[in-house]
Number of protein chains: 2
Amino acid sequence: MDKTKSLFLTEDLLGLATDLYQLSMAAGYFEQGMQDTATFELSVRHLPENRSYLVAAGLEQALHYITHVAFSQEAIRFLQRLPAFKHVGQTFFEFLKNFAFSGDVYAMPEGTVAFAGEPLLRITAPLIEAQILETYLLSTINFQTSVATKSSRITFASQEREVVDFGSRRAHGPQAGVLAARAAFIGGCKGTSNVFAAYQLGIPVVGTIAHAWVMAHESERDSFQKFHAVFPDNTVLLIDTYDTLTGARRAATIGKGLKGIRLDSGDLLKLSGEVRRILDAEGLQHVRIVASGDLNEYRIDELVRNGAAIDSFGVGTEMVTSKDAPALGGIYKLVEQEHEGRLIPKMKFSADKATYPGKKQVYRKRDTDGNFREDIIGLEGEFIAGKPLLTQVIKDGKACYHLPTIYEMQNTASDNLARLPKPFKRLNNPEVYPVMKSNGLERKRQEAEDIIASQNND
Amino acid sequence: MDKTKSLFLTEDLLGLATDLYQLSMAAGYFEQGMQDTATFELSVRHLPENRSYLVAAGLEQALHYITHVAFSQEAIRFLQRLPAFKHVGQTFFEFLKNFAFSGDVYAMPEGTVAFAGEPLLRITAPLIEAQILETYLLSTINFQTSVATKSSRITFASQEREVVDFGSRRAHGPQAGVLAARAAFIGGCKGTSNVFAAYQLGIPVVGTIAHAWVMAHESERDSFQKFHAVFPDNTVLLIDTYDTLTGARRAATIGKGLKGIRLDSGDLLKLSGEVRRILDAEGLQHVRIVASGDLNEYRIDELVRNGAAIDSFGVGTEMVTSKDAPALGGIYKLVEQEHEGRLIPKMKFSADKATYPGKKQVYRKRDTDGNFREDIIGLEGEFIAGKPLLTQVIKDGKACYHLPTIYEMQNTASDNLARLPKPFKRLNNPEVYPVMKSNGLERKRQEAEDIIASQNND
């Protein structure tokens with residue numbers, strides 16, 4: 001009777017996890033024998049409101065995909081039966097059967113602070129191979145970068161107070177909750193409530209009780225004592241089920257064994273102060289106050305500036321959906337193509353959507369204190385001072401990269417963010433960080449325009 | 001060298017796909033021998049701005065989870081090693097080893113139009129079993145319901161013109177793109193660009209070429225001819241890579257074999273009219289015009305009202321992220337508990353977050369034309385006129401439900417939406433649909449308040 005589907009992605013069907021047009025273009029290139037090597041770049045054209053930087057994230061899952069994408073028999077049978085593919089020859093499906101990525105990939109390491117227009121990822125491979133990756137790479141990098149960026153804003157606002165991810169229930173499906181937990185950690189969170197994420201990533205997992213625990217017992221006091229009996233070392237009690245201050249007094253009766261209390265509703269500034277006084281009056285200065293409930297960087301900033309007695313923030317919805325900017329306009333564009341031995345720069349002119357051609361590198365200049373001063377988007381190999389940010393991660397289809405631990409990624413983000421001057425980190429109307437285009441790049445654009453004009457003069 | 005992780009959810013680790021506190025509460029209930037049967041309800045407290053209704057979606061994946069959630073040896077070993085679980089006895093982990101859901105579930109079928117405060121799902125099971133499900137059910141139902149609702153708004157604005165999902169690249173990870181394609185279809189979309197979703201769900205998959213196709217060829221004209229050669233029956237050409245009107249003229253040279261053109265930038269109202277004239281002048285009245293590029297219900301409404309010559313809308317970012325309302329405040333609350341043979345109503349009083357107790361049912365009243373007039377949230381079994389919307393889907397842990405096809409779910413949504421009067425469907429400031437609480441429910445709340453007051457009088 002059970003015909004329900006989980007719709008879980010699986011490795012054997014990774015080839016189908018894309019937009020149809022990637023596969024129809026692949027068939028088209030194949031049928032024409034177009035074996036040119038092409039370079040595509042992934043970047044974010046414009047940043048959302050109140051963002052002047054991004055924290056790059058999602059590369060590990062992108063690399064997993066690139067090195068595992070393939071077409072199983074089952075996937076190929078499905079494509080063969082599509083009416084749109086009726087005229088596609090059998091040899092294309094044979095090609096898919098043996099498909100494996102064989103190209104080179106350069107990328108900014110996760111945790112790197114990046115800006116609008118900068119390539120986060122650069123792929124050079126046979127045209128078909130590079131093309132097919134687009135959809136999956138965009139959804140992977142767009143989402144994790146959004147959340148890592150949001151997390152960095154929230155942890156910035158918290159000024160050294162702990163922030164943890166509580167957002168799984170509001171993420172875009174159970175899988176998105178796992179990816180969000182990862183990205184939030186890279187952006188600066190200290191842990192997550194998501195057990196699967198903690199298991200996979202080896203990061204701290206947090207959480208104790210919900211309102212249901214309190215409601216399921218005969219009384220609030222009873223529920224507190226029972227929880228303490230089972231979790232004597234981890235007694236963090238939710239005190240707002242009926243009345244917060246009464247809840248605080250009942251929690252205090254646990255005594256020295258009480259580790260923390262959580263506030264989840266009401267005026268957190270006022271309540272945190274009152275609860276702190278109740279706890280302190282009982283000699284429970286060590287008890288931590290955790291706050292949750294529709295928090296974001298703006299509310300946390302206000303609470304911290306006003307001296308709220310909060311030690312830890314549990315942030316959910318706003319972080320895992322990057323609620324004020326729930327989508328990042330990442331694009332993946334053809335920038336260069338090797339045709340009959342010549343490298344041809346490629347660009348598009350679409351209204352408001354024009355792109356720069358050529359294989360690019362991002363060069364970061366620092367001031368004498370090591371703080372970020374200016375980025376230059378130039379051509380790979382162009383003679384430009386500054387540290388190149390794109391590093392090779394895949395060579396001839398094989399990983400050639402020492403994958404950092406997630407703690408190292410978090411350190412990269414925290415080090416980068418420390419070097420980014422404050423005006424660029426303001427929560428509202430941050431200054432725009434200076435990103436220049438090199439002379440080489442401008443010349444490349446001129447060259448591309450000339451070529452395209454001469455080819456499209458019909 | 002490859003240590004990259006996909007972080008894909010898998011059936012054997014479903015037990016970990018939750019918030020830690022569900023498992024710590026489970027351990028707590030277990031250690032106390034709390035075997036009470038409990039009822040939890042999932043509802044959405046307040047609707048986002050400019051929403052007066054929801055289209056329920058995600059039930060199939062919720063049911064899949066409920067009937068498959070379990071704890072593998074590997075999952076249990078992880079939990080045993082958590083410092084927080086140090087004092088939890090071995091018998092709890094034995095219990096997890098044999099965990100399987102054994103309770104009853106009632107739900108609104110997917111595609112049902114629902115309103116704020118109405119239970120979409122009601123679970124009655126031993127306390128631990130019902131508790132553990134919370135996080136996963138919320139993330140599943142919250143997300144798909146958001147997208148199905150957004151899709152219904154977009155297809156409503158399109159007034160019978162086709163809408164298809166192009167959003168995978170901007171969804172919250174590759175898995176969210178699949179779930180979004182499903183929910184968008186239930187809400188009224190005619191197809192998706194996501195191949196994996198189409199494969200799994202048997203829904204139409206759409207798409208032809210991207211800018212890269214045009215750019216990869218020597219000229220735009222060449223790229224059009226080459227595509228037509230491989231896809232003679234499915235030649236839909238993207239014409240804005242360099243200049244839209246020139247692109248239209250070049251596409252027209254394909255002649256009768258041209259199936260459609262796509263506009264992806266610029267002033268879609270103006271360009272669609274000009275392109276239509278170019279095509280018609282060549283006798284290509286049959287060629288369809290597809291538009292895409294940051295579309296939402298408001299922009300589509302404006303285009304349609306102004307007579308844009310657009311036959312099909314490809315909608316991405318705005319739909320798959322429900323961009324103006326990227327999170328739904330779904331909650332999952334304990335409402336009743338059977339303790340020592342008595343049914344005890346449960347509620348919480350938290351500021352602005354109070355809940356109603358008791359096992360509820362939603363009764364829908366129609367007018368003589370069959371249109372929706374009013375809903376009443378009452379108690380299950382209460383004598384109330386109107387059609388009960390919650391139907392049993394799981395009995396004693398087993399599915400007891402004829403799972404509709406996704407086409408049937410789409411029909412349910414379309415039938416429900418047709419019966420919902422227009423003022424409730426307005427894109428801006430829709431009227432609030434009347435949802436009443438029954439006398440039985442109000443009495444139940446009074447009863448619960450009395451019980452809780454008497455129990456918490458310390």
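All of the numbers you see were taken from the coordinates with simple rules; none came from a lab. What you see is a predicted model, and the numbers here were worked out from it, not measured in a lab. Every residue, glycine as well, gets a Cβ built from its backbone with ideal geometry; the counts of neighbours run over all protein chains shown.
Couple of notes before you dig in:
- More than 22 angstrom apart: percent of Cα pairs within region B:148-320: 43
- Residue list for region A:409-438, given a label point 7 angstrom along the Cα-to-Cβ vector of A:GLU160 and an amide N cut-off under 18 Å: A:414-415, A:417-419, A:422
- Counted over all Cα-Cα pairs of region A:166-211, pairs farther apart than 11 Å make up 62 percent.
- Translational D in µm²/s for region A:207-292 (Stokes-Einstein at 25 °C, 0.890 mPa s, Kirkwood Rh from C-alpha pairs): 197
- Computed E for A:HIS46/B:ASP415 - FRET, C-beta separation, R0 56 angstrom, nearest 0.05: 0.85
- For region B:305-360, the convex hull drawn through the C-alpha positions has a volume of 183 cubic angstrom per residue.
- Subtracting the Cα-Cα distance of B:GLU447 and B:HIS339 from 0.36 nm times their residue separation leaves 37.3 nm of extension gain.
- Placing +1 on the Cβ of every Lys and Arg and -1 on the Cβ of every Asp and Glu, with nothing else charged, gives region A:207-292 a dipole about its Cα centre of roughly 240 debye.
- Across the identical copies, how the B:GLN90 labels are spaced - nm, sorted shortest first, 7 Å along Cα→Cβ: 6.2
- In this structure the amide hydrogen of A:VAL163, modeled in the peptide plane, comes within under 5 Å of the amide hydrogens of A:LYS190, A:PHE313, none closer than 5 places in sequence on its chain.
- Remark on A:ILE344: its backbone amide H falls under 5 Å from those of A:GLN337, A:GLU338, A:HIS339, a criterion applied only to residues 5 or more positions apart or on other chains, H modelled at 1.01 Å from N.
- Inter-copy label distances at A:LYS387 (7 Å, Cα→Cβ; nm, one decimal): 6.4
- Per-residue shielding of B:130-138, expressed as the average number of other chain Cβ atoms within 10 Å of the residue Cβ, stands at 4.
- With Cα atoms, 0 to 90° folded angle of helix A:134-157 axis to chain A main axis: 40
- q = 0.07, 0.12, 0.14 Å⁻¹, chain B: log10 I(q)/I(0) [Debye, one scatterer per Cα]: -0.44, -1.04, -1.27
- The slack in the chain from B:THR253 to B:THR368, taken as 0.36 nm per residue of separation less the alpha-carbon distance, amounts to 35.9 nm.
- Relative to one another, the C-alpha centroids of region A:23-99 and region A:273-287 are positioned 58 Å apart.
- Extent of region A:378-458 along its three principal axes (Cα atoms, max minus min coordinate, largest first): 55, 41, 26 Å.
- Residue mean of other protein chain beta carbons inside 10 Å, B:335-345: 1
- Volume of the Cα convex hull of region A:232-372, divided per residue and given in Å³: 237
- Within 10 Å of the Cβ of each residue in B:58-69, the mean number of Cβ atoms contributed by other protein chains is 3.
- Low-density loop positions, GluC sites (Glu not before Pro), region A:251-342 - DSSP coil, at most 14 other Cβ in 10 Å: A:GLU340
- Formal net charge of residues neighbouring B:HIS402 (Cβ-Cβ distance under 11 Å; K, R +1; D, E -1): 0
- All other residues whose Cβ lies under 9 angstrom from that of A:VAL236 are scored, Lys and Arg at +1 and Asp and Glu at -1, for a net of +3.
- Here the translational diffusion coefficient of the protein assembly as shown follows from Stokes-Einstein with Rh set to the Kirkwood radius across Cα pairs; for 25 °C and 0.890 mPa s it amounts to 85 µm²/s.
- Treating each Cα of region B:92-141 as one equal point scatterer and applying the Debye formula with no solvent, the log10 of I(q)/I(0) at q = 0.18 Å⁻¹ comes out as -0.68.
- Region B:148-320, dipole about Cα centre (Lys/Arg Cβ +1, Asp/Glu Cβ -1), debye to the nearest 20: 280
- log10 of Debye I(q)/I(0), alpha-carbon scatterers only, for region A:133-222 at 0.15, 0.26 Å⁻¹: -0.63, -1.24
- For region A:105-181, diffusion coefficient by Stokes-Einstein and Kirkwood Rh (Cα), 10 °C, 1.306 mPa s, µm²/s: 109
- Surface/4 of the Cα convex hull for region A:314-411, nm²: 11.1
- Label-reachable residues, region A:102-143, where backbone N falls under 17 Å from a point 7 Å from A:GLN392's Cα toward its Cβ: A:102-109, A:121-126
- Computed about the Cα centre, the dipole magnitude for chain A is approximately 580 debye when only Lys and Arg (+1) and Asp and Glu (-1) carry charge, each at its Cβ.
- For chain B, the longest principal axis of the Cα atoms and the long axis of helix B:268-281 meet at an angle of about 40 degrees.
- Measuring between alpha carbons in the structure, the pairs from B:LYS387/B:LYS444; A:LYS323/B:LYS190; A:LYS150/B:LYS323; A:LYS348/A:LYS398; B:LYS398/B:LYS437 lying more than 20 angstrom apart are B:LYS387/B:LYS444; A:LYS323/B:LYS190; A:LYS348/A:LYS398; B:LYS398/B:LYS437.
- Just so you know, the Rg over Rh for region B:3-155 is 1.02, from Cα atoms, with Rh as the Kirkwood radius.
- Once the Cα gyration tensor of region B:12-69 is diagonalised, semi-axes √(5λ) in Å: 29, 17, 12
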